[in-house]
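In what follows, a single structure is set out as structure tokens and then discussed.
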Amino acid sequence: MTDIEDQLRRYAAATSRAQRPVELGEVVSRQGHRPRRLLVGAVALVVALVAVGGAVVFRRDRDEPRRVVVAPVPSSTPVLTPRACAAASLHVTSTGGERLHAGWLPPGYTRTEGNQNDLAALANITYSGPATGYAWRVSLIRYRSGAPLAQFVMGEPTQHITVQGHAGIMTGPARPGEDFTFVAWRPAPGIALVTAGWNLHQADLVKVAQNVSYDPGEKFTYPVRPVVKVTRAEALRKLGRSVAGTRAALTSYGELTKIIGGRLPKGSQAVIPGVPVTRAIWVAWTPSSRRSDPSVENATVVDAESGQTIEGLPPLPGGVLGNLTDRSGSVCAPPFGVLTRTEVSYLHHYPTGPTSSLKLSTQGTLDANPVFANFAQCVNFACDPTVPVWLSVQAAAGDRYAPDRGPVYVPSGRPVGGPTGNTRSGSWTMTAVDARTGPQDTGLDGSTSGYGRPPADIVAVRDLAPSP
Amino acid sequence: MDNDAGPEPEETFEVFFARVEPRLRAALTSMYGPDMGREATAEAMAWAYEHWSRVEPMEHQVAYLFRVGQSRTRRLRRRRVLFPATPAPSMPDVDPRLIGALAALPERQRVAVTLVHGHDWSHTDVAALMGISASTVATHVTRAVATLRAALEVPADDRH
């Protein structure tokens, strides 16, 4: 018998040999093309640029705004009459403008992770020390939860302290170099703030906590019927040309940036100072007819209330803007700023067919159902039950599923490999994503699977935005 | 106070993928076993692909994605046996009791001892991955080795 260390080396080597590396193509196809987080940076810029009063632009270059040419387009009147359906009356709320930053840090500490000016759901700001190494850092974390503070910290002993006038606790060793030290307090009901220090003196961590600045932001409700004063014809006129095939869609800023987020040319970025994700906008575009350059779309964006013209969008691949849902007229769609069926299908490459379903539901529905318990993986503990969620269920009756071998799906007629006694027929996979756009998107992307047919609880989930 | 880091050197996702995937897979496999470890790695790399603009400037990409892999597979792990009860046929020279003993270790001990002795990671690298101190890593490794020796009935001085 060899020593344990040798056994471990052989085990690791054998595991590596037997294990198929993850392929780049697999990663890409697994995600499709979901440019989610580009939006966070874009919206952060919104907040920053509002302060300097910048114009509302999608900045492609510094050319003068194009001259407006009134084209002979048919006249129409603003029409926004959402079809009566559950989605159109969905009550969705979020928080915007939430800020968290350190007012004091030990010398040499700089921010390395997180956005201080718009926390989004994953509210974690990390500052790293001057020394190289991950172990020298301090993090500020915000939890949306009324749970006891002890749930947000680790270690012993627990001491009671006062932080900025609020009762708090502190855990961890008195000296650095011994794991974590935590300070937690509750600045407001339902909110817990935590400072976590690695290799930081307790006194320094307490000083960090005492100087943390937190702005809870403001809660807002997503509008089902935002103010729309601009007609489709007026929006099309802003394009400055009359070309066959010119199109326009009434949508929201959040949906537009989500759809185009990953399709911007390198170095380009959507810059929309002060435009909330729920703002109604017209997007008008003319697909390129040049055979040599079929991927370019000329587009312009118009504020649907003020009529303010936004400069042209950067060049985009053909067909991208066609994935926006035109919310003018009578459509069954969730509130502005929430992805529609068409949009989420495009972003996530959800398949269609008799064995697939895509339903709009809510976080509250998932939480109340035992099949979905913990499905959301809510990064902020207390998920708002109003969060709209797109739920995709795909079934593959021809697959075999080996529950005791991890996530293995074996097509019918092929050997499973290894023990096959537990192999079951059929498999199903369910995924759920946050339907909101912008920093309010929690990044929820849970999935689960099983054998046989999808559970009845899943099948029975009500679709709030059924297909016409 | 806003301490924005300066511009970071650019790296393509392909280069990043080739550099990070093996180490991330080793770490997550150490924690969850070969099947779920691979699945968690794929999920984490997919997340990185999706959030590349956010991942690219990170100083500790592997450590961050290690946590992403844990989060993204939380639901899957609830239903599955992570470590097979018996070693695969590809492991003829591995003590059959080792995998069960590894699976029985606390997660941190299992990750630490597998990466240090199985994959030759330094204590510092493991510490960075797990967000703990190097001395704590050493403690985990020592305790894990002692537990494994007892489980496999290997005397402490039985070295070659």
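The values are calculated or read from the model by the stated rules, or taken from the named source; none is laboratory data. For clarity, every value in this text was computed on a predicted model and none was experimentally measured. Backbone-built Cβ (ideal geometry, glycine too); neighbour counts: all protein chains shown.
Pairs linking a residue in the stretch A:1-26 that is more than 7 Å from chain B (Cβ to nearest Cβ) to a residue that is of a type in the set (Gly, Ala, Ser) and surrounded by 15 or more Cβ atoms within 10 Å (Cβ to Cβ), with Cβ atoms under 8 Å and 6 or more positions apart or on different chains, are A:ALA13/B:GLY118; A:SER16/B:ALA26.
Of everything in the stretch B:27-36 that is more than 9 Å from chain A (Cβ to nearest Cβ) and more than 21 Å from A:THR431 (Cβ to Cβ), the residue that is nearest to the chain's Cα centre (by Cα) is B:ALA27. Within the stretch A:219-256, restricting attention to residues that are at pLDDT below 85 and hydroxyl-bearing (Ser, Thr, Tyr), the residue that is nearest to the chain's Cα centre (by Cα) is A:THR246.
Considering only residues in the stretch B:37-56 that are among the hydrophobic types (A, V, I, L, M, F, W, C) and within 7 Å of another protein chain (Cβ to nearest Cβ), the one that is farthest from A:PRO21 (Cα to Cα) turns out to be B:ALA46. Residues that are within 12 Å of chain B (Cβ to nearest Cβ) and at pLDDT 85 or above number at least 2 in the following strands (runs of 3 or more DSSP E) confined to the stretch A:93-188: A:99-102, A:110-113, A:124-128, A:137-144. Which of the residues spanning the stretch A:205-239 are part of a loop (DSSP other than H, G, I, E, B) and crowded, with 18+ Cβ neighbours inside 10 Å? Hits for the stretch A:205-239 are A:TYR222, A:VAL224, A:PRO226, A:VAL228, A:VAL230, A:THR231, A:LYS238, A:LEU239. Any idea which of B:THR124, B:THR136 is under 27 Å from B:GLU153 (Cα atoms), free of Cβ contacts under 8 Å to residues at least 40 places away in the same chain, touching a helix residue (DSSP H, G or I) at 6+ places or on another chain (Cβ under 9 Å) and within 11 Å of another protein chain (Cβ to nearest Cβ)? Being under 27 Å from B:GLU153 (Cα atoms), free of Cβ contacts under 8 Å to residues at least 40 places away in the same chain, touching a helix residue (DSSP H, G or I) at 6+ places or on another chain (Cβ under 9 Å) and within 11 Å of another protein chain (Cβ to nearest Cβ) holds for just one of B:THR124, B:THR136, which is B:THR136.
Every residue, every condition in (1) modelled with pLDDT of 85 or more; (2) farther than 14 Å from A:LEU256 by Cα; (3) aromatic (Phe, Trp, Tyr); (4) in a strand (DSSP E or B), yes or no:
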position: A:TRP282; (1), (2), (3), (4): yes, no, yes, yes
position: A:THR286; (1), (2), (3), (4): no, yes, no, yes
position: A:SER292; (1), (2), (3), (4): no, yes, no, no
position: A:LEU316; (1), (2), (3), (4): no, no, no, no
position: A:VAL331; (1), (2), (3), (4): no, yes, no, no
position: A:SER345; (1), (2), (3), (4): yes, yes, no, no
position: A:VAL371; (1), (2), (3), (4): no, yes, no, no
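When restricted to residues that are within 17 Å of the chain's Cα centre (by Cα) and of a type in the set (S, T, N, Q), the stretch A:88-115 contains 4.
Filter the stretch B:23-41 for residues that are of a type in the set (Gly, Ala, Ser) and on the phi < 0 side of the Ramachandran plot and give the result. The answer is B:ALA26, B:ALA27, B:SER30, B:GLY37, B:ALA40.
Is it true that B:ALA112 is aliphatic (A, V, I, L, M), crowded, with 18+ Cβ neighbours inside 10 Å and more than 9 Å from chain A (Cβ to nearest Cβ)? So B:ALA112 passes the test.
Among residues of the stretch B:57-75 being part of a helix (DSSP H, G or I) and touching an Asp or Glu at 6+ places or on another chain (Cβ under 7 Å), the one that is nearest to the other protein chains (Cβ to nearest Cβ) is B:ARG72.
Results for (1) under 11 Å from the mean Cα position of the chain (by Cα); (2) surrounded by fewer than 24 Cβ atoms within 10 Å (Cβ to Cβ); (3) part of a helix (DSSP H, G or I); (4) in contact (Cβ under 8 Å) with a residue 24 or more places away in the chain, shown as yes or no for each residue.
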residue	(1), (2), (3), (4)
B:GLU14	no, yes, yes, no
B:ALA18	no, yes, yes, no
B:GLU21	no, yes, yes, yes
B:ARG25	yes, no, yes, no
B:ARG38	yes, yes, yes, no
B:ALA44	no, no, yes, yes
B:TRP47	no, no, yes, yes
